[in-house]
Structures are given as structure tokens and as C-alpha cells.
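Just so you know, all these numbers are worked out from the coordinates, no wet-lab data involved. In this text the structure is predicted, and so the values were computed from the model without any measurement. FYI the Cβ positions are ideal-geometry reconstructions off the backbone, even for glycines, and counts take in every protein chain you see.
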Amino acid sequence: MRAILLGPPGAGKGTQAETIVNEFKIPHVSTGDMFRKNIKEQTQLGKKVKSYLDKGALVPDELTVEIVKDRISQVDCKNGFLLDGFPRTLEQANALDNVLSELGQKLDYVINIEVDSKLLIDRAVGRRICKDCGQTYHLLFNKPTKEGVCDKCGGELYQRKDDTEETVANRINVYQNQTQPLIEYYTNKGCIININGEQSIDKVSRDIISNLRGE
């Protein structure tokens with residue numbers, strides 16, 4: 001199974017990606033992870049990526065596509081993969097189609113997790129993280145027993161700088177502007193699966209798996 005996972009910041013893609021790859025025994029192919037791996041291993045691709053990131057520039061599409069092609073050509077992706085973080089634009093989607101065609105493969109599904117913007121902002125703004133162990137809490141949905149203190153290790157809880165209402169709203173806006181054309185593109189191809197991401201984590205997981213299994 002070859003699939004793409006789409007969803008705005010805060011939609012729970014990380015959690016659902018883990019469920020999907022465990023259920024279908026396919027690799028989780030994340031562009032961010034691939035960038036970091038290539039940089040760490042100092043591959044030729046990694047050096048190119050680092051040269052852009054060091055300047056604070058975006059990694060160009062051609063280079064991102066080259067890294068994705070290199071990754072999905074590897075033996076562990078022979079029976080499928082879950083792409084996360086790519087494609088982000090129509091240009092990248094077209095490039096992916098070309099790569100898959102070259103490899104004699106095709107995309108099976110695009111999982112699109114839908115969550116209302118206001119709920120996404122509430123989720124992010126209320127998030128608190130332990131400075132010591134990284135445990136995550138939420139002021140509305142998952143409060144610590146004692147305000148500002150981690151239940152797990154007693155560490156201090158803090159709010160990430162990018163979890164402010166303005167920053168989150170901007171991230172969501174950028175995502176929607178970039179991704180809306182992608183959703184239309186894959187809808188027209190007949191391979192998109194829209195999932196209500198406002199349900200419980202378990203219900204979202206069950207909906208995704210049952211759709212992927214055609215149940």
C-alpha cells in the first residue's frame with residue numbers, strides 16, 4: 001500500500017502515522033526525518049540540504065523530490081510506504097507522480113485528516129510540555145494534577161513559543177493555502193479518503209484503518 005498522509009498542524013498526524021505503519025507494516029517516510037538522516041550521515045544529498053537550511057532557505061522542490069525518490073526506491077519500501085510531509089504543493093504532487101511512474105508504481109490512497117481551524121488553535125494554545133521528560137499536557141483536554149507541574153516526573157511545564165494563537169493561526173493558514181489545491185487534485189484522481197479528525201484518537205484510527213481496508 002502506497003499512501004500519503006495530509007492534515008493541518010495539530011491534527012494528530014504523528015499519532016495516526018504510527019498506527020498506520022504498525023497496522024500495515026510499511027515504512028513511515030517523513031521528509032523531515034529524511035533531511036535529518038541525510039545531514040547526519042553527510043551524504044551528498046544531505047550536504048546540499050544543509051547548505052539551504054544553514055542559510056535559512058527552503059529546500060528546493062527538485063532536491064526534496066530527489067531525496068523522496070532515493071528513499072522510496074529502497075528495498076523496505078518495495079511493498080509500500082506512508083508519505084508524511086510530502087507533497088506540500090501541486091508541483092510536488094506532479095513530481096511524485098512522475099517518480100512513481102518511473103518506478104513502475106502508483107499511489108493507492110491519500111488520507112486527509114480534517115479538523116476545524118478554531119479547534120486546532122484551541123488544541124495548540126492549551127498545550128503544555130514538561131521541560132524535563134517531554135510529557136505533553138493540555139489545559140482543557142489533559143490537565144496535570146497540579147498546575148504547571150508534570151505528573152510523571154515533577155518537572156516544570158512550559159508553553160512552546162510557536163504555540164501562540166497568532167503563530168498557530170498563521171501555520172494553519174499557510175497549510176490551507178498550500179494544500180487545498182492538493183486535496184482537489186487527489187479528489188479528482190479518486191484516491192482521497194477524508195477523515196473527521198475531531199473525534200477521539202482511537203475513533204480516528206479505526207476510521208482510517210477501516211477505510212484503507214475497504215471495509
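Data table
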{"read-out": "Residues with amide H under 5 Å from that of Arg128, placed H, sequence gap 5 or more", "value": "Tyr137, His138, Leu139"}
{"read-out": "Cross-link reach list, lysines versus Lys152, counting only Cα pairs under 19 Å and skipping chain neighbours closer than eight places", "value": "Lys131, Lys143"}
{"read-out": "Charge dipole (debye, nearest 20) of the chain; +1 at Cβ of Lys and Arg, -1 at Cβ of Asp and Glu", "value": "500 debye"}
{"read-out": "Difference of contour (0.36 nm per residue) and Cα-Cα distance, Lys69 to Asp162", "value": "30.3 nm"}
{"read-out": "Under-5 Å amide H pairs with Asp151, H placed in peptide plane, nonlocal only", "value": "Thr145"}
{"read-out": "Kirkwood-Stokes translational diffusion coefficient of the chain, alpha-carbon pairs, 25 °C, 0.890 mPa s, µm²/s", "value": "131 µm²/s"}
{"read-out": "Ranked Phe141, Phe86, Phe24, criterion: other C-beta atoms within 10 Å, fewest first", "value": "Phe141, Phe24, Phe86"}
{"read-out": "Cα-only radius of gyration and Dmax that characterise the stretch 62-136, units Å", "value": "17.2, 47"}
{"read-out": "Highest-MSF residue in the chain out of Ala57, Ala17, Ala169 [GNM, Cα springs under 10 Å]", "value": "Ala57"}
{"read-out": "Rounded, prolate or oblate (a/c below 1.5 giving rounded, otherwise prolate when a/b exceeds b/c) for the stretch 106-215 by Cα gyration tensor", "value": "prolate"}
{"read-out": "Three-way shape call for the stretch 1-73 based on the alpha-carbon gyration tensor, with the a/c threshold at 1.5", "value": "prolate"}
{"read-out": "Ranked Cys130, Cys153, criterion: other C-beta atoms within 10 Å, fewest first", "value": "Cys153, Cys130"}
{"read-out": "Sorted by Cβ density within 10 Å, fewest first, the residues Tyr52, Tyr186", "value": "Tyr52, Tyr186"}
{"read-out": "Phi to ³J(HN,Hα) by Karplus 6.51 cos²θ - 1.76 cosθ + 1.60 over the stretch 150-158, Hz, x for Gly, Pro", "value": "6, 5, 6, 10, x, x, 7, 8, 9"}
{"read-out": "Cα-based reach from Lys47 at 26 Å (exclusive), listing lysines while leaving out same-chain residues under 8 positions away", "value": "Lys37, Lys55, Lys69"}
{"read-out": "Theoretical FRET efficiency, 1/(1+(r/R0)^6), r = Cβ-Cβ of Leu119 and Lys152, R0 25 Å, to 0.05", "value": "0.45"}
{"read-out": "Under 5 Å, built H, 5+ apart or other chain: amide partners of Thr164", "value": "none"}
{"read-out": "Debye, to nearest 20: dipole size of the stretch 84-204, +1 on Lys, Arg Cβ, -1 on Asp, Glu Cβ", "value": "340 debye"}
